[in-house]
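Everything on this sheet refers to the single structure shown next.
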Amino acid sequence: LVLHGPNLNMLGRREPEIYGSLSLDQINSALDALAAELGCILAFFQSNSEGALVDAIQAAPADYDGILINPAAYTHTSVALRDAMAAIGLPFVEVHLSNIHRREEFRHHSFLAPLALGQIAGFGLDSYLLGLRALFNHNKK
């Protein structure tokens, strides 16, 4: 399951100097292409609502083997997302288009990172692709 947090539906129009010029659909298409190469199937979900993301996380174990998540602004604020990820026990990788550690101080902390297999930030689309590859390889073991 690929989860995209708040404002990621605005990619391509939103601060392209920070987030790049690709749309969310283009990112999802690139992920689908890599998934086909790896032999896995992806589902995508984006929401600006914290509760909808929590619901998607809680439902995930019934259908998915792992989660690739860009929690976006909820990275730094959402204990609810952190607790949902802890409750379900699925492996997950946290990804960010920009390097959150080179940005404003408040963006340096992630509530999810301590639970994640890993965090990949700062490589634009490649953050997602590297994250998918890492999650897939982890689940192959």
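Data table
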| read-out | value |
| --- | --- |
| Å² per residue, accessible surface of the chain at 1.4 Å | 49 Å² |
| Region 71-136, accessible surface, carbon-and-sulfur percent (1.4 angstrom probe) | 57 percent |
| Net dipole in debye of region 20-100 [+1 Lys, Arg Cβ; -1 Asp, Glu Cβ; about Cα centre; nearest 20] | 180 debye |
| Cα gyration tensor shape for the chain, rounded if a/c is under 1.5, else prolate or oblate | rounded |
| Total formal charge among the other residues, if their Cβ is under 12 angstrom from that of ARG82, Lys/Arg +1 and Asp/Glu -1 | -3 |
| Anisotropy class of region 16-81 from Cα gyration tensor, a/c 1.5 cut | oblate |
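The values are calculated or read from the model by the stated rules, or taken from the named source; none is laboratory data. Source: prediction; values computed, not measured. Every residue, glycine as well, gets a Cβ built from its backbone with ideal geometry; the counts of neighbours run over all protein chains shown. The accessibility values were calculated without ligands, DNA or RNA, using every heavy atom of the protein model including side chains. Shrake-Rupley method; radii C 1.70, N 1.55, O 1.52, S 1.80 Å.
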